[in-house]
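For reference, the structure is listed below as structure tokens.
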Amino acid sequence: MPRRHGLTETYRTMAHLRRFFESVRRTITIEPTNGGLTPAQQFALLTLAGNPSSDPLTIGDLARETFATMNTTSALVRRMERAGLVRTTRSPKDHRFVYVKLTASGERRLRPSTAAVVEALRTAADEQGRAQLRTAFETWFDNWGAVIKALSSSRRQPRRAPAVRRRSRRSRG
């Protein structure tokens with residue numbers, strides 16, 4: 001019976017985390033951000049500003065990092081470049097690659113937008129209860145191997161359809 005209790009606690013933790021993430025998602029995708037950025041622009045600019053590498057990101061890199069398609073990211077980058085938020089350059093070695101860099105103007109516009117998102121995260125954390133969220137994250141990260149194992153082992157194997165028997169010529173009649 002402790003196994004069922006463990007799963008119940010796992011489900012409760014996952015539901016708590018889902019509520020938090022959904023609250024954050026709704027806040028940062030529905031509420032307008034300060035600085036006049038769209039949520040897609042804000043995510044792309046955050047990704048560029050937080051790039052740990054000294055090499056600039058390509059449009060393909062940016063697409064992967066923001067979970068968007070190349071076409072969507074290319075169009076977004078063109079709009080951001082027209083707005084002065086980013087600058088693009090082609091790779092001198094391979095002209096298929098387009099590098100994207102955050103401009104000073106883009107960073108200035110990103111700051112109030114990021115402050116608004118941080119405030120939304122704080123509000124969502126307060127609504128869900130910081131101590132409960134901290135516990136939920138710690139529980140999840142400390143036990144995720146056991147959780148996956150418990151959930152995987154409780155899966156039922158799909159039932160196989162009974163084999164169709166062919167009647168032999170002798171039994172037909």
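Collect the residues in the stretch 79-104 that are open to solvent by 40 Å² or more (accessible area, probe 1.4 Å) and assigned to a helix (DSSP H, G or I), keeping them in residue-number order.
Correct list: Arg79, Glu81, Arg82, Ala104.
Might you let me know whether the stretch 66-74 holds any residue that is of a type in the set (S, T, N, Q) and over 20 Å from the mean Cα position of the chain (by Cα)?
No, because not a single residue in the stretch 66-74 is of a type in the set (S, T, N, Q) and over 20 Å from the mean Cα position of the chain (by Cα).
Inspect the stretch 66-75 for any residue being among the β-branched types (Val, Ile, Thr), farther than 20 Å from Gly36 by Cα and buried (at least 17 other Cβ atoms within 10 Å of the Cβ) and give the result as yes or no.
No, that holds for no residue.
Of the residues Arg167, Arg160, Arg79, which single one is more than 27 Å from Glu22 (Cβ to Cβ), at pLDDT 90 or above and out of contact with any strand residue (DSSP E or B) (no Cβ under 8 Å at 6 or more places or on another chain)?
Numbers: Arg167 fails: at pLDDT 90 or above; Arg160 fails: at pLDDT 90 or above.
Only one candidate passes the filter, namely Arg79.
Looking at Trp144, Trp140, which is the one that is surrounded by 14 or more Cβ atoms within 10 Å (Cβ to Cβ), outside any loop (DSSP other than H, G, I, E, B), at pLDDT below 80 and among the aromatic types (Phe, Trp, Tyr)?
Of the residues listed, the single one that is surrounded by 14 or more Cβ atoms within 10 Å (Cβ to Cβ), outside any loop (DSSP other than H, G, I, E, B), at pLDDT below 80 and among the aromatic types (Phe, Trp, Tyr) is Trp140.
Within the stretch 55-65, count every residue that is under 16 Å from the mean Cα position of the chain (by Cα) and buried (at least 17 other Cβ atoms within 10 Å of the Cβ).
Residues flagged as under 16 Å from the mean Cα position of the chain (by Cα) and buried (at least 17 other Cβ atoms within 10 Å of the Cβ) within the stretch 55-65 amount to 4.
What number of residues within the stretch 123-137 are open to solvent by 100 Å² or more (accessible area, probe 1.4 Å) and either out of contact with any helix residue (DSSP H, G or I) (no Cβ under 8 Å at 6 or more places or on another chain) or over 20 Å from Ser23 (Cα atoms) (or both)?
2
The values are calculated or read from the model by the stated rules, or taken from the named source; none is laboratory data. Keep in mind the model is a prediction, meaning the values are calculated, not measured. Don't worry about glycine lacking a Cβ; one is built from the backbone with ideal geometry, like all the others, and counts go over all protein chains shown. What goes into the accessible areas is simple: the full protein's heavy atoms, side chains included, and nothing from ligands, DNA or RNA. Shrake-Rupley method; radii C 1.70, N 1.55, O 1.52, S 1.80 Å.
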